[in-house]
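Enquirer: Below is the structure I would like to discuss, written out as structure tokens.
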Number of protein chains: 2
Amino acid sequence: MSQERTEIASLGEFALIEHLTKNIELLNASSILGVGDDAAVIEPLTGQIVVTTDLLVEGVHFDLMYTPLKHLGYKSVVVNLSDVYAMNATPTQITMSVGISNRFSMEAMDDFYEGVYAACEKYGVDLIGGDTTTSQKGFIISVTAIGEVAPDKFVKRSTAQKGDLLCVSGDLGAAFLGLTFLEREKKIFLESPAVQPDLEGEKYVIGRMLKPEARKDIIEFFEANGITPTAMMDISDGLSSEILHIARQSNLGCVLYEEKIPIHDDTRNAAFKFDMDPTACALSGGEDYELLFTIPQADHDKLVLNEQISVIGYMTEPEKGKKIITKGGNTFDITAQGWNSFHK
Amino acid sequence: MSQERTEIASLGEFALIEHLTKNIELLNASSILGVGDDAAVIEPLTGQIVVTTDLLVEGVHFDLMYTPLKHLGYKSVVVNLSDVYAMNATPTQITMSVGISNRFSMEAMDDFYEGVYAACEKYGVDLIGGDTTTSQKGFIISVTAIGEVAPDKFVKRSTAQKGDLLCVSGDLGAAFLGLTFLEREKKIFLESPAVQPDLEGEKYVIGRMLKPEARKDIIEFFEANGITPTAMMDISDGLSSEILHIARQSNLGCVLYEEKIPIHDDTRNAAFKFDMDPTACALSGGEDYELLFTIPQADHDKLVLNEQISVIGYMTEPEKGKKIITKGGNTFDITAQGWNSFHK
């Protein structure tokens, strides 16, 4: 991070935008016109596009006390791309709007945009527009992501079929435990600033919290292997909440096996340090940005090619309810306890 | 406005979104999938689309002391549609994200969305997505608008030609004077709450501030009369600032005639009440959302069909500078004094 401090008021909005966007080169053939006019122009190559948007507010969605601005820029883009992949689409463009109070310098914005551009480069996405303004308090981020999808190849949440396998990518619960560690260290720091942070061995879970990735690889695996999920969404609010979305919107029941839920060893160890149940962290902890999807049983053999995919259950008729079968063999209703910004 | 008060925390995010979006019917053929999934799906009919986004922050862009929430919802949509029209495109979809503190009730959100839907209906636009979250302070609005345009028929700011006529729709300066009245009444109210507001005769300028319209009719007039502007943008920050954008981005100079700047009689009278120069209000006052555009001189005769369009000057070679010729015959450089949220 730079040590200099240039006040944004000394530049004004147009010079700030010019500064932050001067190195953009549009890479996608569909990006016709980028930053600098009343609107950007896109020429979708596939016939259909998907559009998704997120509003992220300091103090609600992120805490700058332990979130480096570069990571925040990266994550702000990634969480939107995750929604694009969750439609079985390929992200192509984003817009990025920021509202900043005068406590942010131009150098701070450079750090933030360094992360934004790193995510754009990694995922092959063009930044084509946005808005830059002051805020009365805190940092506000609004991202809209656009992606391309072959006509009628997009995958909704509501089209799972009875008997379909319920699958998830990667592993779950880590981001929540990363957040728990960071919140603990913040509390300790506020009480005793001299105490050094103790995050030894928590690199994995903290990395999952601060710098998540979107599952581009899973969508590419589907494409390469002729798999079209019957339903899909990304896991931002916790597995149980998302499973209920797919089941309800598809008007189905489901069975989820606790023992099949993929949990990283580092996540498990982190949970034990807080006397938490790792399964509860996976079910209710948000921000893993893995993909949850259903596929016909006939596609099961194709999945074994990818060790990043776990089959965790199956869809049933609606009358059977939405159930989890524990390792001990007990059956419970799945309840949503995912993150909800209105219920803090 | 409803007298009941339902706390948003009592609903939660999903129920709030369900409540606010339950009556949506997608009207445009290009709107394939709307609210309720990871992303919306659009199938552009024209080959190219335009995308624009705005971030609006309470206390920076609007003051809820004199802005009814319904008007704010309407205006939040309209200002984005204005950017779409400014590309010579037809708006088709929007996303609407809001961040709200707990001082807002569900009934307040109903008022806001009533305005949003009124604008969508008037301009034939579908609300296809968004995000809803809490804010730590104040009301935050982020809108992204998408529009369709025939391939390569979009109009940029940077393509004005030497000799082109410089034109503007409607009249200018009214919104700024509406704001000036509202700020005056707010100040009086805060000092002496018993004093009744004195806004007699200011309906026009206040209406231009609180409930602006986007110039759909001008784009339709262009289409009907075979006119393609060489450059265009909307006037959100003040005429002088926007003229400088077109001149600089087109690498041209220009001549603007003060006497040609269209100013409504009510605007002129309002300016006199504040001892202001009406021309200065038109040049530097923002938020009129009129269209500023250039056309070849050969198209001049087509313009006389539309009394909503004024020719206010012409484009010159860059060496001639950007000049305004006053009613008294003096020539000055045009300077940007438009609104800038970083320079308050």
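What follows draws every value from the coordinates through simple rules; no lab data is involved. What you see is a predicted model, and the numbers here were worked out from it, not measured in a lab. Because the Cβ atoms are built from the backbone with ideal geometry, glycine has one as well, and the counts that use them run over all protein chains shown.
Enquirer: Can you sort A:R184, B:R268 so the residue with the fewest Cβ neighbours within 10 Å comes first? Write down the numbers at each step before the final one.
Expert: Values: A:R184 15, B:R268 19.
Arranged by neighbour count, lowest to highest, A:R184, B:R268 become A:R184, B:R268.
Enquirer: With 10 angstrom as the radius, rank A:E121, A:E148, A:E25 by how many other C-beta atoms surround their C-beta, starting from the fewest.
Expert: Final ranking by Cβ density, sparse to dense: A:E25, A:E121, A:E148.
Enquirer: With just the Cα atoms of the stretch A:251-315, tell me how far they stretch along each of the three principal axes, in Å, largest first.
Expert: 41, 30, 21
Enquirer: In a Gaussian network model over chain B where Cα atoms closer than 10 Å are linked, find which of B:L127, B:L33, B:L172 has the largest mean-square fluctuation.
Expert: Looking only at B:L127, B:L33, B:L172, the biggest GNM fluctuation is shown by B:L33.
Enquirer: When chain B is modelled as a GNM with alpha-carbon springs shorter than 10 Å, which of B:N269, B:N88, B:N306 fluctuates the most?
Expert: B:N306
Enquirer: Compute the Kirkwood hydrodynamic radius of the stretch B:1-145, taking the inverse of the mean of 1/r over all pairs of distinct Cα atoms, and give it in Å to one decimal.
Expert: Numbers: mean 1/r = 0.0641 Å⁻¹.
Final number for the Kirkwood radius of the stretch B:1-145 is 15.6 Å.
Enquirer: Using a label position 7 Å from Cα in the Cα→Cβ direction, what is the ascending list of nm distances from B:R184 to the same site in the other copies?
Expert: Copy-to-copy label distances at B:R184, shortest first: 6.2 nm.
Enquirer: Copy-to-copy spacing for A:P151, label 7 Å out on the Cα-to-C-beta vector, in nm, shortest first?
Expert: Between copies, matching label points for A:P151 lie 1.5 nm apart.
Enquirer: Shortest first, in nm, what separates the label point of B:A15 from those of the same position in the other copies (7 Å along Cα→Cβ)?
Expert: Listed shortest first, these distances are 5.1 nm.
Enquirer: Could I ask something else about it? At a temperature of 25 °C and a viscosity of 0.890 mPa s, determine how fast the protein assembly as shown diffuses translationally according to Stokes-Einstein, using the Kirkwood radius over alpha-carbon pairs as Rh; express D in µm²/s, rounded to the nearest whole number.
Expert: Values: Rh = 26.7 Å.
Answer, rounded: 92 µm²/s.
Enquirer: How many nm separate the modelled label positions at A:E307 and B:T335, each set 7 Å beyond the Cα in the direction of the Cβ?
Expert: 6.9 nm
Enquirer: Just to be sure I understand: of the beta bridges DSSP finds with both ends in chain A, what percent are antiparallel, rounded to 5? Kindly include the intermediate steps, with their values, before the conclusion.
Expert: Details: 43 of 56 bridges.
The answer is about 75 percent antiparallel.
Enquirer: Find how many whole Å separate the alpha carbon centroid of the stretch A:246-305 from the alpha carbon centroid of the stretch A:208-243.
Expert: If you average the Cα positions of each part, the centres end up 11 Å apart.
Enquirer: How many angstrom lie between the C-alpha centres of the stretch A:94-170 and the stretch B:165-205?
Expert: That distance is 38 Å.
Enquirer: What are the residues whose amide H is under 5 Å from the amide H of B:E148, where those residues sit 5 or more places off or on another chain and H is modelled from the backbone?
Expert: Amide H neighbours of B:E148, under 5 Å, 5+ apart: B:V50, B:T90, B:T92.
Enquirer: Give B:K203/B:K322; B:K122/B:K260; A:K156/A:K216; A:K153/A:K302; B:K75/B:K186 a once-over and call out the pairs whose C-alpha atoms are over 23 Å from each other. If you can, show how the numbers build up before the last one.
Expert: On the way: B:K203/B:K322 34 Å; B:K122/B:K260 31 Å; A:K156/A:K216 17 Å; A:K153/A:K302 19 Å; B:K75/B:K186 20 Å.
Among B:K203/B:K322; B:K122/B:K260; A:K156/A:K216; A:K153/A:K302; B:K75/B:K186, the Cα-Cα distance tops 23 Å for B:K203/B:K322; B:K122/B:K260.
Enquirer: Still on this structure: Sum -39500 (n - 2.57) across every DSSP H segment of at least 4 residues in the protein assembly as shown, then divide by the residue count to get the 222 nm mean residue ellipticity, nearest 500. Please list the in-between numbers first.
Expert: Numbers: 20 runs with 220 residues, N = 688.
The helix contribution divided over the protein assembly as shown gives -9500 deg cm²/dmol.
Enquirer: Would you please classify the overall shape of chain B from the alpha carbon gyration tensor, given that a ≥ b ≥ c denote the square roots of the eigenvalues, rounded means a/c under 1.5, and beyond that prolate means a/b larger than b/c while oblate covers the rest? Intermediate results must be reported in sequence, preceding the final value.
Expert: Working: a/c = 2.29, a/b = 1.29, b/c = 1.78.
Oblate shape, in that a/c is at least 1.5 and b/c is the bigger or equal ratio.
Enquirer: Let me ask something additional. If you take the Cα Rg of the stretch B:165-343 and divide it by 2.2 N^0.38 Å, with N the number of residues, what do you get? Walk me through the numbers on the way to the answer.
Expert: Values: Rg = 17.3 Å, N = 179, 2.2 N^0.38 = 15.8 Å.
For the stretch B:165-343, the normalised Cα radius of gyration is 1.09.
Enquirer: Would you mind ranking B:M106, B:M315, A:M65 by Cβ crowding within 10 Å, fewest neighbours first? List each step's numbers first, then the result.
Expert: Details: B:M106 18, B:M315 25, A:M65 11.
Ascending number of Cβ neighbours within 10 Å: A:M65, B:M106, B:M315.
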